[in-house]
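These notes are about the structure you will find just below.
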Amino acid sequence: MESLILEQTDRLPGIFFDKTAGKFEIKGSSFPEDSRVFYNPVLDWLAKYEQNPNDFTLFIFKMEYFNSSSSLMILEMLNSLERVFQTGKKVKVYWFYLSVDIDMLDAGKEYSTMVSIPFTFESIEEESELK
Amino acid sequence: MLKPDQLRLALLFVFIFVIFNFSLTAQTINNETKKAIDEYVLLVEKYEQENNSSQQANYLNKIAYLYWENGVYLKAIENFKSSLELNKLNKNTNGIKSLYYNIGLVYSDMEDFKNAYENFHEGLSFARKLNQKESIYEGLINESGALKKLTRYNEAITDLDEALKIAQELNNLKLVRTCYGMLAENYESLGNSEKTIYYYDLFASIDKHLKAEQIKEIEAKTKDEVQKAHQSKSLTEQELSEKSTQLEVTQESLKKSEALTEQQQLELDIKELTIREKEAQIRNERLIRFGFTAIFFIILLFSLVLIRQIQAKKKANIALEAKNIQVNEQAKEITAQRDLANKQKQNITDSIEYAKRIQTALLPPSNFIRRSLPEHFILFKPRDIVSGDFYWMMTKDDKVIIAAADCTGHGVPGAFMSMLGTAFLNEIVNKIVENKHVYSLQANEILNQLRTYIIESLHQTGISDEAKDGIDIALCIIDFEKKHLQFAGAHNPLYIISNNNLNIIKGDSMPASIHKNAQESFTNHEINLNDGDIIYIFSDGYHDQIGGPKNRKFMSRSFQELLLKIYHKPMDIQQQILDKTIEDWKGTNIQIDDILVIGIKPEFSIKSTNTPILNYNWSEKTILIAEDMEMNYLFLFEALKNTGVQVLRAKDGEEALQIVESGKKIDLILMDINMPKLNGFETTQRIRLIHKDIPIIAQTALNIDEAKEKAEQAGCNDYILKPIRLKLFLSKLDSYLTK
């Protein structure tokens, strides 16, 4: 399966999905003009991944900001992972947030109540890790 | 005792059981394998008789492998164990080690990890005796695998650390990769996320490297093969050329022998030659003649071709010209299209600008809000022309219902949602009040109904891919009579600053739209208010704005700290500070979302007096109204109509001064500030020179500290804010008139 790598910009998050390397990461800020246009390829990739997932999927979120329409897309990504989880595969979400950004922690906690996948919350000190 | 019949029956059962069991084993092993095993068993017996224990052990192993391959684990273990005993007798440490490992592996396949672990452990001790690094590594990896299954993660990690060292000493990347992978899994099981990620990353990087190496190897191999093929090709080519030189040599020798006979013929040939020369002469003459004609024809042909070419060029030029015209036309068309696009863009912008007018018209006008909430501010900064954020207010008797809302999306899509939201909120509140009563207004009920309206009108069913657009909203109902506040929130919170403390009342974690918990009701928070409390509701645009020195979000914590610093300031000053702070923070960044912050300082002291208007009786009093605007004068006149007071009017400052100077009995002056000829401040100063005691109340349009201060400096007793709130206005006048 081909990997999906999208370069991070000021208003679009960086996407790094590599099935063979077992790396799944989204980071940065997300406020696209039309979130469907940006997230449809991402969701399509995950839908394909669902057909033949790894035994263990470690999914990393390192978000600094996302707007309300992006938040719906993130929920759809998590729904996709949950379907993998429900087939008995191991799935885990690492939710990183800047230690001063309680809003981002709250957002992650809210997601964790909406899907059954286990979440781990990790605070980070340095902004540079999100860029 | 069993009777003979019963005994027979029992025996039959035993027989059937044995047959059944046998057939079960037989089922999993095919006939060929079975034959092989039988042969090996015979060989084992043979070597046993010959006392050749090493060969005996060898064939026991072969039997065990066959059983293992076919999943007959217990038989495999049995045979390995017999072999193990023989190896022990022979003191073959290497064999003993390998057999323990094998037995351990068979137990692992059976998922009996306890036995597996014991055998791996035993084997490992022999490997250590042998001091073979590879064997120790193998044992450690096997043992840690079993330990992990037994959830003895820490012991597994100890093994893996040792294995990792060996792998590093052996400089074998594949072995190192295995260690990293297994370490990551064990730390993962222990919940040590830091180390999990650490080892996982190491694993991934080595994995990537190894895969790259593999690809390189394959590439190198194919290159090698291609080269070999090339070499063999050139070899055959060489052989071929060698053979052809040989061929040439033989041909030459053949020619030499021919040369001899040629000399004999030469004489004959000379004779012939003289005849031929003569013939040639005749032929030459003919040739020259023929040559001239040929040249003539060639020249003719060339000129024909030239003419044709010139004609073709002319044609091409004409075509080119036509094409040029076409290109020009196309360029014109493109310019026309660009103009059209520009025009269309202008049209779109115009229509969005027009839409903004409609949106702005739907927002509650500021004087309408001020009438119910004299102390408030609204910081509203749309990102685009139209906005996805909106605010909404309605008053019902002594209650004010106010909301700050944030629709998914900004710009035109957000604006569509905001239109829906405004219309729905109006309808919901009006219906509740009509069908029941003002008293039954519940903040959460309004949000519940709003959610139902949105789900139904957008036909949201919860199927993924459909529009899940919705509204995040903070909605308050302020009851001025009871000094009470209701709050319900969809995602968005309410802040109350009370006695220098900021209290956060969180909204529910769901939007007003389709959602997993859309069946659940929103929470209704009820809070008693005190004088001086300040309420803030807002969208997330303010604290999510990116900027500052580190180019990050402003964050709600900074927002809270800022509010605590400025809440005691006048509301319009707070608005200015909030605006300036976020503009400075934003700097050269773009605004990422619509911004909306509403601050409210409810005034109870006036509201709660709640005196009926008709109760005032000032029939023996006279009020002078200095006001140039007809509308404003009429409003004040109407407001005072039922109090019985006598009203005098001055249309400017000079006229007011004249009336006061004329010595008429005047109990109070309402002084407009912006008037022609003499403004309110100047007039007041002049009046104060004649009458120090007449109460003068300034009317100002804005609640600005400066205006208030100026009014006081000029000698006004008090000031009222325009637009005027009737109850406040009358009670204030009463306090001066009945002193």
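Nothing in this text is a laboratory measurement; each read-out follows from the coordinates by a stated rule. What you see is a predicted model; the values in this text were computed from it and never measured. Cβ sites come from the backbone with ideal geometry, for glycine too, and all protein chains shown count toward neighbours.
Below are the figures for this structure:
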item: Calculated SAXS-style log₁₀ I(q)/I(0) at q = 0.07, 0.09, 0.16 Å⁻¹ - region B:363-607, Debye, Cα scatterers; result: -0.22, -0.37, -1.20
item: GluC sites (Glu not before Pro) within region B:615-650, DSSP loop, no more than 16 other Cβ atoms inside 10 Å; result: B:E620
item: Size-normalised alpha-carbon gyration radius of region B:462-591, reference 2.2 N^0.38 Å; result: 1.21
item: Other protein chain Cβ atoms within 10 Å, averaged over every residue that makes up A:61-68; result: 5
item: Within 10 Å of each Cβ in A:98-109, the average number of Cβ atoms from other chains; result: 3
item: B:M671, A:M77 arranged by Cβ crowding within 10 Å, fewest neighbours leading; result: A:M77, B:M671
item: Label point distance in nm, B:A322-B:E583, each placed 7 Å from Cα along Cα→Cβ; result: 6.4 nm
item: Under-5 Å amide H pairs with B:L668, H placed in peptide plane, nonlocal only; result: B:T622, B:L624
item: Rounded to the nearest 20 debye, dipole of the protein assembly as shown from Cβ charges on Lys, Arg, Asp, Glu; result: 1020 debye
item: Cα→Cβ-extended label distance, 7 Å offset, between B:E239 and B:Q251, nm; result: 2.2 nm
item: Relative contact order [Cα under 8 Å, 6+ residues apart], chain B, whole percent; result: 6 percent
item: Size of charge dipole - chain B - debye, nearest 20, with Cβ of Lys, Arg +1 and Asp, Glu -1, no other charges; result: 1100 debye
item: Centroid-to-centroid separation of region A:33-50 and region B:514-562 [C-alpha atoms, Å]; result: 30 Å
item: Alpha carbon convex hull of chain B, projected area averaged over orientations, nm²; result: 86.9 nm²
item: Span from the region B:468-505 Cα centroid across to the region B:224-239 one, whole angstrom; result: 86 Å
item: Local electrostatic count at B:L84 - Lys and Arg +1, Asp and Glu -1, tallied over other residues with Cβ under 14 Å; result: 0
item: Nearest 10 degrees, 0 to 90: helix B:411-435 Cα axis against chain B principal axis; result: 50 degrees
item: Descending semi-axes in Å of region B:294-426, equivalent ellipsoid built from Cα gyration tensor; result: 76, 12, 9
item: Percent of Cα-Cα distances greater than 23 Å, calculated over region B:561-702; result: 56 percent
item: Sequence-distant aspartates and glutamates (8 or more away, or on other chains) whose Cα lies within less than 17 Å of B:K114; result: B:E122, B:E143, B:E155, B:D159
item: With Cα atoms, 0 to 90° folded angle of helix B:113-130 axis to chain B main axis; result: 60 degrees
item: Residue exposure sequence - B:D734, B:D397, B:D159, B:D693 - by fewest surrounding Cβ within 10 Å; result: B:D693, B:D397, B:D734, B:D159
item: Size of charge dipole - region B:611-737 - debye, nearest 20, with Cβ of Lys, Arg +1 and Asp, Glu -1, no other charges; result: 280 debye
item: Amide hydrogen neighbours beyond the local backbone of B:Y542, cut-off 5 Å, H modeled; result: B:L596
item: Of all DSSP beta bridges in the protein assembly as shown, antiparallel share, percent nearest 5; result: 60 percent
item: Karplus (6.51, -1.76, 1.60) ³J(HN,Hα), θ = phi - 60°, over region A:77-86, in Hz, Gly and Pro reported as x; result: 4, 5, 4, 4, 5, 5, 5, 5, 4, 6
item: Stretch gain in nm, segment A:K109-A:T87, where the contour uses 0.36 nm per residue and the Cα spacing is subtracted; result: 5.6 nm
item: Inter-probe distance in nm under a simple model that places probes 7 Å from Cα toward Cβ, at A:E2 and B:E219; result: 2.0 nm
item: ³J(HN,Hα) computed for each position of region B:584-599 - Karplus, 6.51 cos²θ - 1.76 cosθ + 1.60, integer Hz, glycine/proline x; result: 5, 4, 4, x, 8, 5, 7, 6, 8, 8, 5, 10, 8, 10, 10, x
item: Over chain A: helical MRE at 222 nm, DSSP H runs n ≥ 4 each giving -39500 (n - 2.57), nearest 500; result: -12500 deg cm²/dmol
item: Cα gyration tensor shape for region B:239-370, rounded if a/c is under 1.5, else prolate or oblate; result: oblate
item: Among B:G489, B:N31, B:A405 - extreme Cα towards positive end, dipole of the protein assembly as shown, charges at beta-carbon; result: B:A405
item: Cα centroid of region B:660-706 to Cα centroid of region B:295-369, whole Å; result: 71 Å
item: Calculated [θ] (222 nm, deg cm²/dmol) that DSSP helices of n ≥ 4 give over chain B, each run adding -39,500 (n - 2.57); result: -22000 deg cm²/dmol
item: Of the trypsin sites (Lys or Arg not before Pro) in region B:383-428, those whose Cβ has at most 14 other Cβ within 10 Å and which sit in DSSP loop; result: none
item: Residue order, fewest to most beta carbons within 10 Å, for B:K223, B:K727; result: B:K223, B:K727
item: Residue-averaged beta-carbon neighbours from other chains (10 angstrom radius) around B:547-557; result: 4
item: Cα gyration tensor shape for region B:287-341, rounded if a/c is under 1.5, else prolate or oblate; result: prolate
item: Surrounding net charge for B:S234, when Lys and Arg each add one and Asp and Glu each subtract one, Cβ distance under 13 Å; result: -1
item: C-alpha long axis of helix B:31-49 to longest principal axis of chain B, angle in °; result: 60 degrees
item: With eigenvalues of the C-alpha gyration tensor scaled by 5 and rooted, region A:4-130, Å; result: 21, 17, 14
item: Counted charge near B:D384, where neighbours are those whose Cβ lies closer than 13 Å (Asp, Glu -1; Lys, Arg +1); result: -2
item: Dimensions in Å of region B:27-207 - Rg and Dmax from alpha carbons; result: 18.8, 61
item: Residues of region B:680-721 with amide N under 11 Å of the 7 Å Cα→Cβ point at B:I573; result: B:704-706
item: Approximate shape of the protein assembly as shown as ellipsoid semi-axes (Cα gyration tensor, √5λ), whole Å, largest first; result: 89, 58, 25
item: Interchain or long-range residues, amide H under 5 Å from B:G470's placed H; result: B:T408
